[in-house]
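Structure record follows, encoded as structure tokens.
Values quoted throughout were computed directly from the atomic coordinates according to the rules given, and no laboratory measurement underlies them. Note that the coordinates shown come from a computational prediction; the quantities given were computed from them, not determined experimentally. With ideal geometry, Cβ positions are generated from the backbone for all residues, glycine too; neighbour counts draw on all protein chains shown.
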Amino acid sequence: MGIYSPSFRSILVLLFLLSGQINYVFGQKKELTLEDAVLKQYSKFHPERLWMLQWIPNTDSYSFIKMEGKSQTLVVHNVENEESKDLFSLEQLSELIKPEIPLRVLPQISWINANSFSASIDNEYYKINITEPKAELKFSIPQEASEITFNNDFSACAFVLDHNLYYLMENGTQIQITSDGKPGIVYGQAVHRSEFGIQSGLFWAPNNNKLAFYRMDETMVEDYPLVDISTQPASLQSIKYPMSGRTSHHVTLGVFDPQKSTTVYMKTGEPKDKYLTSITWSPKSDEVYIGLLNRDQNQLQLNRYKASTGSLSKTLFEEADNEYVEPEHQLWFIPDNNDQFIWISEREGFNHLYLYNTEGNLIRHLTTGNWEVKEIIGFDDTKNYLFLRGTGETTQSFDKSDNTRNATHRFTYILDFELLGTKILDDRLGFHTAKLSKNGKYLIEDFSSIETPLETSIWSAVGKKLSVIHAPENPLDDYNIGKPEIFSIQNGNSDLLYARLIKPSNFDPSKKYPVLLYLYGGPHAQLVTNQFMAGAPLWMYWMAEQGYVVATIDNRGSANRGIEFEQSTFRKLGTNEMDDQKRFVDYLISQSYVDSDRMAIHGWSFGGFMTMNMMLTFPGLFKAGVAGGPVCDWSMYEVMYTERYMDTPQTNEEGYLKANLIDKAKKLQDDLLVIHGTMDNVVLWQHSQAFVESCVDNGVQLDYFIYPGHEHNWGGKDNLHLMQKVLSYIDERIGQQ
């Protein structure tokens, strides 16, 4: 009998299977763990990108970091001649910058011009000349400094230290711009609690010299105490938190001129609690534009001020709305034309572009339609075509609407600047994001969809796809994971609402499944999008693999559907949103595979408010709910956000009372877990504590869990602990029977 007899082969196969190789032999996929889903979503399980991919100014080239094992190399690729060059390896750049302290990874770089880029190590900032090559230490900034920002040519920087603002020149000259900074007097930071699209408090002039900056006086705002238990005994950390209907802060805009060593504040006038938005320098660096929004947020003035004196030059135009006006963008000046700019506004129902001259005269509408412009990308090299990023558009033809390219998608649009027609660069359904080369000749576009994890391609400005430079594999291909479904249902107002379902990979339509409804529901959020994983966090897919259907819908009030859709919740938060969510739940119950006796609901922040509101309004609908960081009384939430959507408690008493969950605590019948961080400075801990107190007063039981010392959101292992707490609570109540 030979050694390859059937009996011997059977023994070999058995030994092979026992050696743990069965997954490979039969192609069996791996099981995702919750730990991996939470901790590795943005590393191991995220589509691999070209690290630090960016265009090099005034060239046809882009650069990126090539990763090969532990090797890291800065690579430059020329689109015109298709040549690639290794510019610096990790070791070479380390030797150039700090030979005595080897770099472990290549630092973040930013191109200054075609021949040099900046790089930072700790708070030391270097200029790397690639032609010589050499590294020059340009700025050494104190470790305690914050709000560090540089002008465009890397010749000066500004930062905040000990509450005051500093200006540092490349020759080492340091100027202290302010001296009265202290707790309550804030310089150079984002103001108005980062509403109105405000992301920074420092604004460099185009001449790379002058600096505009926010000054926020919070001294008149009430102190709010947060308890810090990291000390013994515990101590108080007071913050300034302007609640709705109460005293708010005062913001002004200063301009520092280093050549004159002078600081001038723009004379924005009374009342002082107005909002200063859309800060933009004129191309000549001699004037500053400010969008002044009244406290009621229903009247906006676009003003132009002289930078040298602070005096008002002109009010260009005004915008008003019965509900609210929400400026979120700077002016966008036309290249090589100091007298024309683009203004982005929702004034006619959707976020669109309007061309103005600097006297405030409207020249023409640039875009129209039932879609939202999200970003101006830039002009091509001929200045005839303007690239934009926007949502898909629902079109209407006679009695038929085409919803194929809807708001769940993003596209790169090409606008004919004179004829005003638009076309889509790449019409594949999904999420498109583009970066235009500095010379306007090429674009790098990233594309993602449910089907495509990521594709990075090069396009010419005339709309021709030149090459695909990166297309990573799906990092979840080897795992059991369900495919998301995106679809729409109609609400009672005949609006289409976009929804997402995540089912188990082994879904059987003949079975009954428990359902977890995850929701947010508030403004400035869109949860359902046609991109990788349909915009859902990975833990939802893990939960589906445990035998659940995980469902989400974007209700009225959410983003990217036009102003009427968003403003339908004005003065009545938690009303139309709940109607839409309830309509979705009714749809789910009508599906044969849904076990309507085993439904749970979960959300955080506004979603926490919605979770509790749904359970208090529709008792018995959900067997369990978990609400994190919930707003329970809108009169205790911040001024800017709350007064925009609800007006003040004094002018909208009925709306605030209807949305008050504390007064509804007695209606709670089902299992509810409320979670809050004790140092939450966004939704104050007081919200859920007041709800607990109301439950006690009314003899109502609920489950309550705190995260000591945590703010509104957190990550890492504590986030894993949170998701274990949330999902085990739900599973214990509606899990497999």
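A few points about this structure:
- Residues Phe341, Phe333, ranked from the fewest to the most other C-beta atoms within 10 Å, line up as Phe333, Phe341.
- Full extension of the chain between Ser728 and Ile589 gives 47.7 nm of extra length, using 0.36 nm per residue less the Cα-Cα distance.
- Taken about its Cα centre, the chain carries a charge dipole of roughly 760 debye when the Cβ of each Lys and Arg holds +1 and the Cβ of each Asp and Glu holds -1.
- Taking other C-beta atoms within 10 Å as the exposure proxy, Thr368, Thr178, Thr569 rank Thr368, Thr178, Thr569 from fewest upward.
- Relative contact order (%) - the range 97-231, alpha-carbon pairs under 8 angstrom, separation at least six: 13 percent
- Contact order relative to length of the range 485-734, as percent, for alpha carbon pairs under 8 angstrom and 6 or more apart: 17 percent
- Chain lengthening between Met67 and Thr395 when straightened (0.36 nm per residue, less Cα-Cα): 113.7 nm
- Per residue, the Cα convex hull of the range 166-330 amounts to 143 Å³.
- A simple spin-label model places the labels of Ile489 and Glu35 3.8 nm from each other, with each point 7 Å out along Cα-to-Cβ.
- Of Lys572/Lys667; Lys582/Lys717; Lys272/Lys664; Lys134/Lys717, those spanning more than 31 Å from alpha-carbon to alpha-carbon: Lys582/Lys717; Lys272/Lys664; Lys134/Lys717
- Secondary-structure-derived ellipticity at 222 nm for the chain, considering helices only, amounts to -4500 deg cm²/dmol, per-run term -39500 (n - 2.57) for DSSP H runs with n ≥ 4.
- C-alpha center-to-center spacing [the range 435-512, the range 665-737] in angstrom: 33 Å
- All aspartates and glutamates inside 14 Å of Lys423 as judged from Cα atoms, apart from same-chain residues fewer than 8 positions distant: Glu393
- Working from label points 7 Å from Cα in the Cα-to-Cβ sense, the Asn403 to Gln28 distance is 4.2 nm.
- When the Cα gyration tensor is reduced to axis lengths a ≥ b ≥ c, the ratio a/c is 1.5 or higher for the range 50-140, and with a/b not above b/c it is classed as oblate.
- Förster radius 41 Å - calculated FRET efficiency between Val682 and Asn81 (Cβ-Cβ, nearest 0.05): 0.20
- In the range 457-562, trypsin sites (Lys or Arg not before Pro) in a DSSP loop with at most 11 other beta-carbon atoms within 10 Å: Lys464
- The range 362-472: C-alpha gyration tensor shape, a/c 1.5 cut-off, then a/b vs b/c: oblate
- Straight-distance crosslink candidates among aspartates and glutamates, where the alpha carbon sits under 13 Å from Lys314 and sequence neighbours closer than 8 are dropped: Glu287, Glu359
- Computed from the C-beta positions of Asp478 and Phe618 and an R0 of 56 Å, the FRET efficiency is 0.85 to the nearest 0.05.
- Separation of the Asn123 and Lys464 label points, Cα + 7 Å toward Cβ, nm: 5.1 nm
- Pairs from Lys182/Lys374; Lys44/Lys483; Lys85/Lys465; Lys435/Lys464 whose Cα-Cα separation, in the structure shown, is over 25 Å: Lys182/Lys374
- Among Ser61, Ser120, the ranking by other beta carbons within 10 Å of each residue's beta carbon, starting with the fewest, stands as Ser120, Ser61.
- For the chain, the relative contact order is 8 percent, taking Cα pairs closer than 8 Å that sit 6 or more residues apart in sequence and dividing their mean separation by the residue count.
- Within the chain, longest stretch clear of exposed GluC sites (Glu not before Pro) (DSSP loop, no more than 10 other Cβ within 10 Å): 419-737
- With only the Cα atoms considered, the range 485-734 has a convex hull volume of 123 Å³ per residue.
- Calculated FRET efficiency for the pair Asn298/Phe705, C-beta based, R₀ 56 Å, to 0.05: 0.90
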